[in-house]
Amino acid sequence: MKLYRLDDYISLLRKEKLIEDIQLCGNNELLSTEIKKIAHNSKEVEKDTLYICKGLNYKPSYLEEAINNGAIIYVAESQNVTHLDFPHIVVKDIRKALAAISCMYYDFPATKINMIGLTGTKGKSTTAYYIKSILDDYMKERNLPDTAIISSIDTYDGKSCKESLITSPESIDLQEHIANSVDCHMQNLVMEVSSQALKLDRVHDIYYKVGVFLNISEDHISTIEHPDFEDYFASKLKFFDQVETACVNLDSDYIDRILESSQKCPKRITFSTKNPQADVYGYQIQKQGHNAISFRVKTPVFEEDMLLTMPGLFNVENALAAISTAIALDIPYQNIFNGLKVARASGRMESHVSKDGSIIVIVDYAHNKLSFEKLYESTKQEYPDKKIVTVFGCPGGKAQLRRRDLGRLAGIHSAISYLTAEDPGPEETVDICKEIASFVKEEHGNYKIVEDRGEAIKEAILENPNSVILITGKGNETRQKYGKKYLPCLTDTEYAKEALEEYDKKIS
């Protein structure tokens, strides 16, 4: 990896108009010093480290620790300049500074790989894996490396694959993943771009060859995320500032505003299941058997049949987004067809059926208003003769409006809802469930509070024959957040399979 000197970092920060002041405290030789490491965690600081004073819970003691551990200079906003006699750089925006410094430290890796970004309220993970599957088929045919991915499910960069805790990593971690992908000679990286990543500049200085805008609906409204919908939407629209080819869903709410914002991109491809004038138009959508969906698609370069082997009629929208991306990258039809046919997204619309066919269990990550609406709409179309049972909760300490929205939707559409733990964090599970229950009752819905998630899934399956059991919100995550700790747990799929085995034994 190329090492840059301190004066290189200063030149970059000056170019981005971020510097307010520089104090080398008489040590001008620092300018020619190569920066061996950058860090915003004081415990990770070593000799010749550039330390960035950043974080919601930042304390002056962290800077003292960084200096003791070998930092040679620190970067901070003015209020965090607490060691005046130690070399420091004062910046206007510490988050943008961290992103810019991270780009340089890893030698601007995003310029050496096709960056493909996706944002939206619903469908990012599934679409990301659809795109990865298409690109993997194309690359395999040419004996080239597969595709890197950074998603809310997991992160794979060629050197490691691990379960994700957040959708879009902090900028320093993000740049490391991109650099790892470049080191492994990967040509494409697909990543989910969250509203927080855009608002907090985690993706500052990254330019996307293709950027997908899936949809928008009220979500992530809280004191620690977005104070209102306008802040959330405006954060999402920032995405178009750094996209070459925008792929836009014409079926999204607020489409006029989205299209207006996307005009700043050099190129644009639209997709739709409702508007035949879209560049990529999906039609003749039909359910095939238990898990497959067929449809026909018209594009500027072909008009052909497609097949998905994941349930959920709404996934056709995600597939059209992936097809639009593939067209932007000049991927042939056959690779698109092959990739979509085998595409999977762990914990997204996974279907499991009891031996007698009475119970259908769907494990999905649906966790906000838009995803619940689409899930219920699709389930009613696909399984009109089954009653619907929902197992869900809401996270603690954030996105409080979900409790109202999901509670009301479950009250309207579910025969009964099992309210349970879903990363309660700083709150008590039972308190979150009681709040959700108040909105279920508003719609005259039935509910049962079962705090243990595994037990809630088990009861929902064993107590409700002739039903579709929708288990939402966690997918195949292997950890549950209590307080500040992530504790290991079985996945929703594992819980569901255990309960189905018990049910099958009872009826045999």
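Entry note, the chain: the mean residue ellipticity at 222 nm calculated from DSSP H runs of n ≥ 4, each adding -39500 (n - 2.57), is -10500 deg cm²/dmol after division by the residues and rounding to the nearest 500.
For the residue pairs 458/481; 287/386; 369/448; 458/484, the C-alpha atoms sit more than 24 angstrom apart in 458/484.
Would you mind classifying segment 109-342 by shape? Square roots of the alpha carbon gyration tensor eigenvalues, ordered a ≥ b ≥ c; an a/c under 1.5 is rounded, otherwise it is prolate if a/b is larger than b/c and oblate if not. Cα axes put segment 109-342 in the oblate bin.
Shown for segment 123-262: lysine pairs separated by 8 or more places, or found on different chains, whose C-alpha atoms are under 28 Å apart, numbering 27.
Binning all Cα-Cα separations of segment 350-507 at 5 Å, short to long from zero, yields these whole-percent fractions: 2, 10, 21, 24, 22, 13, 6, 2, 0.
Scalar couplings 3J(HN,Hα) for segment 300-313, obtained by applying the Karplus form with A = 6.51, B = -1.76, C = 1.60 to θ = phi - 60°, are x, 10, 7, 9, 8, 8, 10, 9, 10, 10, 10, x, x, 4 Hz; x denotes Gly and Pro. Within segment 244-265, what residues put their amide N at less than 17 Å from the label point 7 Å along the Cα-to-Cβ vector of residue 275? What the label zone holds, given the 17 Å backbone N cut-off, is 246-265. At q = 0.12, 0.13, 0.20 Å⁻¹, what base-10 log of I(q)/I(0) does the Debye formula yield for segment 6-105 when every alpha carbon is treated as an equal point scatterer in vacuo? For segment 6-105, the Cα-only Debye profile gives -0.31, -0.37, -0.95.
At q = 0.11, 0.12 Å⁻¹ the log10 of I(q)/I(0) for the chain amounts to -0.98, -1.13, computed by Debye summation with a single uniform scatterer per C-alpha, solvent ignored. Going by neighbour counts of Cβ atoms within 10 Å, the residues 478, 49, 390 line up, fewest first, as 478, 49, 390.
Taking segment 1-83, which trypsin sites (Lys or Arg not before Pro) meet the DSSP loop condition and have no more than 15 other C-beta atoms within 10 Å?
On the way: sites: 2, 5, 14, 15, 17, 36, 37, 43, 47, 54; in loops: 2, 17, 36, 47, 54.
Qualifying residues, ordered by number: 2, 17, 36, 47.
Under the criterion of Cα pairs below 8 Å and six or more residues apart, the relative contact order for segment 20-95 equals 34 percent.
Which FRET efficiency value, to the nearest 0.05, is calculated for residue 485 and residue 69 with the Förster distance at 30 angstrom and r the Cβ-Cβ distance?
Numbers: r = 26 Å, r/R0 = 0.86.
The calculated FRET efficiency here is 0.70.
Taking a Cβ cut-off of under 13 Å around residue 269, the surrounding Lys, Arg, Asp and Glu residues balance to a net charge of +1, with basic ones at +1 and acidic ones at -1. Neighbours of residue 211, meaning other residues whose beta-carbon lies under 14 angstrom from its beta-carbon, give a summed charge of +4 when Lys and Arg score +1 and Asp and Glu score -1.
Applying a DSSP loop filter and a limit of 10 other Cβ atoms within 10 Å to the trypsin sites (Lys or Arg not before Pro) in segment 76-150 leaves 142. Annotation for segment 403-508: trypsin sites (Lys or Arg not before Pro) lying in DSSP loop with at most 13 further Cβ atoms inside 10 Å of their Cβ are 484. Would you work out which of 290, 255, 182 lies farthest towards the positive end of the dipole of segment 109-342, given +1 charges on the beta-carbon of Lys and Arg and -1 on that of Asp and Glu, about the Cα centre? Positive-most Cα among the choices belongs to 290. In terms of surrounding Cβ atoms within a 10 Å radius of their Cβ, 116, 224 rank from fewest to most as 224, 116. Full extension of the segment from residue 163 to residue 234, taken as 0.36 nm per residue of separation minus the current Cα-Cα distance, would add 22.7 nm.
Taking Cβ atoms as reference points and 14 Å as the exclusive limit, the residues near residue 249 contribute a net charge of +2, counting Lys and Arg as +1 and Asp and Glu as -1. Over segment 355-423, the reciprocal of the mean inverse Cα-Cα separation, the Kirkwood hydrodynamic radius, stands at 12.8 Å. Here's the picture: charge each Lys and Arg Cβ at +1 and each Asp and Glu Cβ at -1 in the chain, and of 332, 160, 417 the one pushed furthest to the positive end of that dipole is 332.
Which percent, nearest 5, of DSSP beta bridges in the chain are antiparallel? Don't skip to the answer; put the middle values down first.
On the way: 30 of 84 bridges.
Antiparallel: roughly 35 percent of the beta bridges in the chain.
Which whole-number percent is the relative contact order of the chain (Cα, under 8 Å, 6+ apart)?
On the way: 1111 pairs, mean separation 53.7, N = 508.
Reported as a whole number, the value is 11 percent.
Relative contact order, whole percent, for segment 109-342 stands at 21, derived from Cα pairs under 8 Å and 6 or more residues apart.
Number of Lys pairs in segment 6-105 with C-alpha atoms less than 17 angstrom apart, excluding same-chain neighbours closer than eight positions? The number of close lysine pairs in segment 6-105 is 11. Prolate is the label for segment 280-413, because the ratio a/c of its alpha-carbon gyration tensor axes (a ≥ b ≥ c) is 1.5 or higher and a/b is greater than b/c.
Every number in this text was worked out from the coordinates using simple rules, so none of it is lab data. Small disclaimer: the values here were computed from a predicted structure and weren't measured. Please note: Cβ atoms are built from the backbone with ideal geometry, for glycine as well, and neighbour counts cover all protein chains shown.
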